[in-house]
Amino acid sequence: MLAELGCRWTLLGHSERRKEIGESDELINLKVRAVLSRGFTPVLCVGEAADGRRQGLTFTTVEGQLRAGLAGLVGDQIAKTALAYEPVWAIGTGVNASPAQAAEVQGYLRGLLSELASKEIAQTVRILYGGSVKAENADALLAEPEVDGALVGGASLNAPGFIGIVRKAARVGIAAKE
């Protein structure tokens, strides 16, 4: 049904589905596999809650989610995925991760991809940042070399604000990566 509508990408493992519906890492892995088998690009979402960040568990959390979400995939399959780092503590709060925080976690994720697949594949997989992205912070976040784009949530519902994000993304060269 989604293919008939022209969809090519789908979000999997979004924090709200993990929390509200109780989707497990194992179920998310099955969905990643199913999406890949149908020719879609899965966008695997990973991110830590506020308690996890305060306790210094950011890297442990995102690593566990990434490894579980991509379990059993080979390099060619991993190359056909995208990631979204969405710190749960930032979603819908109006408080985003600093550009340095986003870059640090996304660099860590890229290192894990190198281990799971190869350095070459890790450099091609897009890693998006999602968590209270808005026109006021998009340029600073998207200017980070490890940030390949934005997963825009609530700000996409406000046309002028969303247009501002798109324009800033284009200025820092994100659109050129398409």
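Remarks
- Selection status of residue 169, over 18 Å from residue 52 (Cβ atoms), free of Cβ contacts under 8 Å to residues at least 24 places away in the same chain and buried (at least 17 other Cβ atoms within 10 Å of the Cβ): no
- When 127, 91 are checked against the criterion of being modelled with pLDDT of 95 or more, among the β-branched types (Val, Ile, Thr) and either closer than 20 Å to residue 61 by Cα or in contact with an Asp or Glu (Cβ under 9 Å, 6 or more places away or on another chain) (or both), 127 stands alone in meeting it.
- Filtering segment 97-113 to residues that are part of a helix (DSSP H, G or I) and not aliphatic (A, V, I, L, M) leaves 99, 101, 104, 106, 107, 108, 110, 111.
- Any hit, segment 96-106, residues being of a type outside the set (A, V, I, L, M), touching a residue at least 12 places away in the same chain (Cβ under 8 Å) and over 17 Å from residue 131 (Cα atoms): no
- The one condition in (1) surrounded by fewer than 18 Cβ atoms within 10 Å (Cβ to Cβ); (2) touching a helix residue (DSSP H, G or I) at 6+ places or on another chain (Cβ under 8 Å); (3) without any contact (Cβ under 8 Å) to a residue 24 or more places away in the chain that residue 120 fails to fulfil: (2)
The rows are residues; the columns are (1) among the polar types (S, T, N, Q); (2) in contact (Cβ under 8 Å) with a residue 60 or more places away in the chain.
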| site | (1), (2) |
| --- | --- |
| 6 | no, no |
| 9 | no, yes |
| 20 | no, no |
| 26 | no, no |
| 33 | no, no |
| 37 | yes, no |
| 44 | no, no |
| 55 | yes, no |
| 63 | no, no |
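- Filtering segment 94-122 to residues that are touching a Gly at 6+ places or on another chain (Cβ under 7 Å) and either modelled with pLDDT of 95 or more or closer than 16 Å to residue 63 by Cβ (or both) leaves 117, 118, 121.
- The C-beta contact set for segment 75-87 (first residue within 30 Å of residue 50 (Cβ to Cβ) and touching a residue at least 40 places away in the same chain (Cβ under 8 Å), second residue in a helix (DSSP H, G or I) and charged (D, E, K, R), distance under 8 angstrom, 6+ apart or interchain) comprises 87/53.
- Scanning segment 123-156 for residues that are of a type in the set (D, E, K, R), part of a loop (DSSP other than H, G, I, E, B) and surrounded by fewer than 17 Cβ atoms within 10 Å (Cβ to Cβ) turns up nothing.
- A count restricted to segment 11-32 and to residues that are more than 22 Å from residue 110 (Cβ to Cβ) and in contact with a strand residue (DSSP E or B) (Cβ under 7 Å, 6 or more places away or on another chain) stands at 1.
The values are calculated or read from the model by the stated rules, or taken from the named source; none is laboratory data. All figures in this text were calculated on a predicted structure; none of them were measured in a lab. As a convention, Cβ positions derive from the backbone with ideal geometry for all residues, glycine included, and neighbour counts pool all protein chains shown.
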